[in-house]
């Protein structure tokens, strides 16, 4: 850890930045949960059709990754703001 901090010291976040990041975490956790519920309901309806269920599972995975990437991008914007 000490060597890592020498090469790229971690930036201290302000209280406001920490609050913004916490709000983003909460907001995106809710978005992800909302999509999971919606798509799992759809998957339950098409449980007989493996192909449709698999496609919905892939859609869920893709949407989760997209939302996580958005979250990390917004967090990085907050971290780099002065």
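Quick note: the coordinates plus some simple rules give every number you see, no bench work behind them. Remember, predicted model here, so these are calculated numbers, not experimental data. Neighbour counts run over all protein chains shown; Cβ positions are idealised from the backbone, glycine included.
Helix 15-45 axis versus longest C-alpha principal axis of the chain: approximately 10°, rounded to the nearest ten. Between residue 34 and residue 65, the distance separating the two model label sites (each 7 Å from Cα on the Cα→Cβ line) works out to 2.3 nm. Normalising the average separation of contacting C-alpha pairs (under 8 angstrom, six or more residues apart) by the number of residues puts the relative contact order of the chain at 41 percent. Model label sites at residue 42 and residue 11, defined 7 Å from Cα along the beta-carbon direction, differ in position by 3.8 nm. The simple Förster model, with R0 at 35 Å and r as the Cβ-Cβ distance, assigns residue 55 and residue 27 a FRET efficiency of 0.80.
Using the C-alpha gyration tensor of segment 33-82, what are the square roots of 5 times its eigenvalues, in whole angstrom, with the largest one first? Could you put the intermediate results ahead of the total?
Working: eigenvalues 210, 18, 3 Å².
Semi-axes, largest first: 32, 9, 4 Å.
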